[in-house]
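Participant: Input: one structure, supplied below.
The values are calculated or read from the model by the stated rules, or taken from the named source; none is laboratory data. Because the structure is a prediction, the values reported are computed rather than measured. Here the Cβ is made from the backbone with ideal geometry for all residues, glycine too, and neighbour counts use every protein chain on show.
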Amino acid sequence: MLVEIEAGRVGIVITKDLSRLGRNSALTGLYTNFTFPQYGVRYIAINDNYDTIDPNSVNNDFAGIKNWFNEFYARDTSRKIRAVQKAKGERGVPLTVNVPYGYVKDPENPKHWLVDPEAAAIVSASSPCAWRDVARPKLQTNCGWTKF
């Protein structure tokens, strides 16, 4: 987007809110206060009632605080998600929706995985080569498999 703005092909940038422009408050402020005006670009954040065409707007005065809050919120949310994922992993709860190859979801408890007997034969046959760190193309020929 910045390349297009610098080339003079953009006259207006519209986002849902200030957080959609960026999570880094310093860079977002740089764009809204310096880069966009330098290239004559109007910026509108719809939900935040922010519009660079009216520099005296009260909503524009709080843009810096909102940018800082958006950065803090994103960082805080990321920490919370990592903590939840870590706790799930420590309890043995699967961390993915898609079941890895070699397993199937238990029909009675979707959070529990069962070994897929059909895939288990392929996995166990390829494991000796995989443990020797053989790449996939070599795995097919060196282990006697023509197709996985």
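Participant: Applying the selection to region 71-93, what residues are surrounded by 10 or more Cβ atoms within 10 Å (Cβ to Cβ) and among the small types (G, A, S)?
Facilitator: A74, S78, A83, A87, G89
Participant: Sticking with this structure for a sec: Applying the selection to region 1-25, what residues are in a helix (DSSP H, G or I) and among the hydroxyl-bearing types (S, T, Y)?
Facilitator: Going residue by residue through region 1-25, those that are in a helix (DSSP H, G or I) are 2-6, 18-20, 25.
Matches in region 1-25: S19, S25.
Participant: Output the number of the condition that Y39 fails; it satisfies all remaining conditions of (1) more than 17 Å from R20 (Cβ to Cβ); (2) without any contact (Cβ under 8 Å) to a residue 24 or more places away in the chain.
Facilitator: (2)
Participant: Next question. Can you tell me how many residues within region 26-58 are in a helix (DSSP H, G or I) and among the hydroxyl-bearing types (S, T, Y)? Break it down stepwise before answering.
Facilitator: The initial filter retains those residues of region 26-58 that are in a helix (DSSP H, G or I), namely 26-38, 58.
Retained after the next criterion (residues that are among the hydroxyl-bearing types (S, T, Y)): 28, 31-32, 35.
Selection size over region 26-58: 4.
Participant: I would also like to ask the following. State which residue pairs qualify: first residue free of Cβ contacts under 8 Å to residues at least 60 places away in the same chain and inside region 94-118, second residue part of a loop (DSSP other than H, G, I, E, B) and among the β-branched types (V, I, T) in any location, beta carbons under 8 Å apart, and separation of 6 or more residues or different chains.
Facilitator: Correct list of pairs: K105/V99; K111/V93; W113/V99.
Participant: Something else: So how many residues does region 56-97 have that are under 24 Å from the mean Cα position of the chain (by Cα) and either under 25 Å from L30 (Cβ atoms) or modelled with pLDDT under 80 (or both)?
Facilitator: 13
Participant: With the structure loaded, tell me whether I53 is touching a strand residue (DSSP E or B) at 6+ places or on another chain (Cβ under 7 Å), among the hydrophobic types (A, V, I, L, M, F, W, C), at pLDDT 80 or above and loosely packed, with under 14 Cβ neighbours inside 10 Å or whether it fails that test. Lay out the reasoning, then the answer.
Facilitator: Values: touching a strand residue (DSSP E or B) at 6+ places or on another chain (Cβ under 7 Å): yes; among the hydrophobic types (A, V, I, L, M, F, W, C): yes; at pLDDT 80 or above: yes; loosely packed, with under 14 Cβ neighbours inside 10 Å: yes.
It is true that I53 is touching a strand residue (DSSP E or B) at 6+ places or on another chain (Cβ under 7 Å), among the hydrophobic types (A, V, I, L, M, F, W, C), at pLDDT 80 or above and loosely packed, with under 14 Cβ neighbours inside 10 Å.
Participant: I'd like to check something: does region 128-138 contain any residue that is farther than 30 Å from L2 by Cα, surrounded by 15 or more Cβ atoms within 10 Å (Cβ to Cβ), among the hydrophobic types (A, V, I, L, M, F, W, C) and modelled with pLDDT under 80?
Facilitator: At the first step, the residues of region 128-138 found to be farther than 30 Å from L2 by Cα are 128-138.
Going one step further and asking which of them are surrounded by 15 or more Cβ atoms within 10 Å (Cβ to Cβ), we end up with 129, 134.
From what is left, the residues that are among the hydrophobic types (A, V, I, L, M, F, W, C) are 129, 134.
Okay, now just the ones that are also modelled with pLDDT under 80, so 129, 134.
Within region 128-138 (the criterion being farther than 30 Å from L2 by Cα, surrounded by 15 or more Cβ atoms within 10 Å (Cβ to Cβ), among the hydrophobic types (A, V, I, L, M, F, W, C) and modelled with pLDDT under 80), the answer is yes, since at least one residue qualifies.
Participant: Here's a follow-up. Does L21 satisfy being aliphatic (A, V, I, L, M), surrounded by 14 or more Cβ atoms within 10 Å (Cβ to Cβ) and out of contact with any strand residue (DSSP E or B) (no Cβ under 8 Å at 6 or more places or on another chain)? Steps first, answer last, please.
Facilitator: Values: aliphatic (A, V, I, L, M): yes; surrounded by 14 or more Cβ atoms within 10 Å (Cβ to Cβ): yes; out of contact with any strand residue (DSSP E or B) (no Cβ under 8 Å at 6 or more places or on another chain): no.
Taking the combined requirement at face value, the residue does not satisfy it.
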